[in-house]
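Participant: Handing you this structure, nothing more for now.
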Amino acid sequence: MSFSLVCMKVLACLLFALSFLTYVSLAQPLRGFLIDCGAAVKYSYNGLEWQPDTAYISTGISRTITEQVLVPTLATVRTFPVKNNLFKKFCYEIPVDRTRKYLVRTSYYYGRVNGNVNPPVFDQIVDGTFWSVVNTTDDYITGNTSYYEGVFLPTGKNLSVCLASNTYTDSDPFISALEVVLLMDQLYNSTDFKSYSLSLVARHKFGYDGPHIEYPDDLFNRYWQPFGENTFSPSSSGELAVSGIWNLPPVKVFHSRLLTSTSEPLVLPWPPGLLQSADYYIALYFADDQTSVPRSTRTVDITINGVTYFNNLSVTPAGLVVFANQWPLSGVTNLTLTAAVGSSAGPIINAGEAFRVLPSGGKTLPRDVIAMIDLRNSFKHPPADWNGDPCLPSRYSWTGITCTDGPRIRVATLNLTSMGLSGSISPSIFRMTALTSISLGNNSLSGTIPDLSSLIGLEILHLEDNQLGGVIPASLGTLTRLREVFLQNNNLTGQVPSNLAGKAGLTLRYSGNPFLTPPQP
């Protein structure tokens, strides 16, 4: 695939690019995961294969919607308990290629599954990045499904998509469907996805009033909504042999357009609605079949809220896209297209996409993530929210842990006292070298105390009232910052290490271990 790229800098930190790509046949099956949340069996619908969600999540309750629905993906939901779970996240874990970006779409249809008249308001998170608040009330009142879409680069071998209660959540969060679709490298590739993600605000086919466009017309099952009915007179264009254009919009979006005469500007309230003050990725798509003014030259000037977006854009039958990586917007937005000086035809536009640019939330240090996953797997009945990133977003860290701040996010403390745990303590805990406190008392943990000699900052170790066996590691006595070691009421054996018993400033408790002998005097 070859392309030419023309870039110019207009205003600080704003980069525009114009791309023309040689057409390549891209007919291919959708690659990714289409998950019907709460469903029990696989099925096919509209040429796509949907699967149940049980392979990707271990918590929540599958429930059936009692209201009549038009599509099978809305017939079931998975709900998550709101009680005692403020800012606790419940996550789907999807296996991915961490070097590739993915389209993520969540769909919601309430169906009064919780018994309340209105659906709950809650948060959604991808990996360590806060994505958005989910508020489906207006759509549900009008009988519509709500969906949210974004583009994300995974931070690990699994991509986590999570729901969490916030202070406005008054009943159990729910989800109807989850789609995670692999994107080709050239889509939205001017964005640095190691630093940013994209959250869809608008994607429209202009001058069109039919049903939305999706797969197989769009190879990645992006939804292109109609725009232009009731406001402008749509004008259908003929078939266009549009070249493969950057971001690979479906050819069908070029089969309609909005246009005016040379004397009239084309003013669109787009993206529609009130926008949050933020930076936005904006892509505008153009193609001119020249049927309205044959053998014309169509050149367009583009402004957004009166600020020049692009001047002297030459629109041809080959098609093109003009995009901005980070364009600041807030509130009501007007997109204005006018005929440039010397143009013999009026302005035209076929389609547009707008995404809010999300700064990446970062990730917990991988060695700590691996250790926490191993610890989770060694426990029986770990906390239900132990999925996704352990530390991030910071408000939604896993139950029982606190984390450090700064560029290297580490797990700092672990407190699962009286949590009803059984199983054992994974030896991988030695990887978590930023730990200052471990409190696992009053559970039913068995096995031995793992080697903790690498935890040089450890100050508190509480393992009392469990079923731990084996000897007390002598290496505990080498930890210079250790202040408290509580080991009472276990099944420990051998002798208490003398370097631990005689350690100055240390409170050591080990009573209630019938097979443990005191240290030598």
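The values are calculated or read from the model by the stated rules, or taken from the named source; none is laboratory data. A quick note: this is a predicted structure, and the numbers were derived from the prediction, not measured. Counting neighbours? That spans all protein chains shown, and the Cβs are built from the backbone with ideal geometry, glycine included. Surface accessibility is based on the protein's heavy atoms, side chains included, excluding ligands, DNA and RNA. Shrake-Rupley method; radii C 1.70, N 1.55, O 1.52, S 1.80 Å.
Participant: Reported to two decimal places, what Rg/Rh ratio describes the chain when computed on Cα atoms with Rh from the Kirkwood expression? Walk me through the intermediate numbers first.
Facilitator: Working: Rg = 28.6 Å, Rh = 26.1 Å.
My calculation of the ratio gives 1.09.
Participant: If packing is taken as the mean number of other Cβ atoms within 10 Å per residue, what is the order of 296-306, 141-151, 314-324, 62-72, highest first? Each step should come with its number before you reach the end.
Facilitator: Numbers: 296-306: 18.2, 141-151: 15.9, 314-324: 19.8, 62-72: 13.3.
Per-residue Cβ counts within 10 Å, averaged per peptide and sorted highest first, yield 314-324, 296-306, 141-151, 62-72.
Participant: Of the options PRO382, THR79, VAL411, report the single residue whose Cα projects farthest towards the positive end of the charge dipole of the chain (beta-carbon charges: Lys, Arg +1; Asp, Glu -1).
Facilitator: Of the options given, the answer is VAL411.
Participant: Now, a different point. For the chain, find the longest principal axis of its Cα atoms and tell me its angle to the long axis of helix 366-378, 0 to 90°, nearest 10.
Facilitator: 60 degrees
Participant: Related question: How high is the relative contact order of the chain, in percent, counting Cα pairs under 8 Å that sit 6 or more residues apart?
Facilitator: Details: 1355 pairs, mean separation 61.6, N = 521.
Normalised by residue count, the contact order of the chain is 12 percent.
Participant: How much area per residue is accessible in the chain when the probe is 1.4 Å and only protein heavy atoms are counted (Å²)?
Facilitator: Values: 22010 Å² over 521 residues.
That works out to 42 Å² for each residue.
Participant: Any chance you could run the full-extension gain for ALA384 through GLN326? It's 0.36 nm times the residue separation minus the Cα-Cα distance, nm to one decimal.
Facilitator: Working: separation 58, 0.36 × 58 = 20.88 nm, distance 3.76 nm.
Here the segment from ALA384 to GLN326 would lengthen by 17.1 nm.
Participant: I want the local charge near TYR280. Using Cβ-Cβ distances under 12 Å, sum +1 for each Lys or Arg and -1 for each Asp or Glu among the other residues. Write down the numbers at each step before the final one.
Facilitator: Values: positive: ARG356; negative: ASP279, GLU353.
In short, -1.
Participant: Now a separate question. Take the solvent-accessible surface of the protein heavy atoms, probe 1.4 Å, and return the percent of it on the chain that carbon and sulfur atoms account for.
Facilitator: On the way: 11560 of 22010 Å².
With neighbouring chains kept in place, the figure for the chain is 53 percent.
Participant: Which order do you get for SER394, SER132, SER453 if you rank them by accessible area with a 1.4 Å probe, largest at the top?
Facilitator: Details: SER394 95, SER132 15, SER453 50 Å².
So the residues, ranked largest to smallest area, are SER394, SER453, SER132.
Participant: Label GLU264 and ARG483 with points 7 Å out from Cα along Cα→Cβ: what is the distance between them in nm?
Facilitator: Each label point is offset 7 Å from its Cα along the Cβ direction, giving 7.6 nm.
Participant: Sticking with this one: Below 8 Å between Cα atoms, with a sequence gap of 6+, how large is the relative contact order for region 450-521 in percent?
Facilitator: On the way: 145 pairs, mean separation 22.7, N = 72.
It comes to 32 percent, rounded to a whole number.
Participant: What's the local net charge at ASN118, with K and R +1, D and E -1, over the other residues with C-beta under 11 Å away?
Facilitator: On the way: positive: ARG112; negative: ASP138, ASP170.
Result for the neighbourhood of ASN118: -1.
Participant: With Cβ to Cβ distances under 9 Å as the rule, what net charge do the other residues near ILE460 carry (K, R +1; D, E -1)? Write out the running numbers ahead of the final one.
Facilitator: Numbers: positive: ARG483; negative: GLU459, GLU484.
It works out to a net charge of -1.
Participant: When the chain is fully extended, how far beyond the present Cα-Cα distance does GLN276 get from GLU459, taking 0.36 nm per residue of separation? Intermediate results must be reported in sequence, preceding the final value.
Facilitator: Details: separation 183, 0.36 × 183 = 65.88 nm, distance 4.48 nm.
Residue separation times 0.36 nm, minus the Cα-Cα distance, leaves 61.4 nm.
Participant: Straight distance only, please: which aspartates and glutamates reach the Cα of LYS42 with their own Cα at less than 13 Å, same-chain residues fewer than 8 apart left out?
Facilitator: Once the sequence-local aspartates and glutamates are set aside, what remains near LYS42 is ASP53.
Participant: For region 307-365, just run the numbers: alpha carbon Rg, then divide by 2.2 N^0.38 Å, N being how many residues it has.
Facilitator: The reported ratio for this selection is 1.56.
Participant: Please give, to one decimal in nm, the separation of the simple spin-label points placed at THR66 and TYR168, each 7 Å out from Cα toward the Cβ.
Facilitator: Taking the simple label geometry, THR66 and TYR168 are separated by 2.7 nm.
Participant: Taking the Cα centre of the chain as origin and charging only Cβ (+1 Lys, Arg; -1 Asp, Glu), how large is the dipole, in debye to the nearest 20? All intermediate terms of the calculation are to be shown ahead of the outcome.
Facilitator: Values: 35 positive and 38 negative charges, 240 e Å.
Once rounded to the nearest 20, the dipole reads 1160 debye.
Participant: First measure r as the distance between the Cβ atoms of ASP192 and VAL307, then evaluate 1/(1 + (r/R0)^6) with R0 = 30 Å and state the FRET efficiency to the nearest 0.05.
Facilitator: Numbers: r = 23 Å, r/R0 = 0.78.
Efficiency, from the Cβ-Cβ distance: 0.80.
Participant: For ASN499 and ASN377, what does the FRET efficiency come to when R0 = 45 Å and r is the distance between their Cβ atoms, rounded to the nearest 0.05? Spell out each step's value before the answer.
Facilitator: Numbers: r = 32 Å, r/R0 = 0.72.
So, using R0 = 45 Å, E works out to roughly 0.90.
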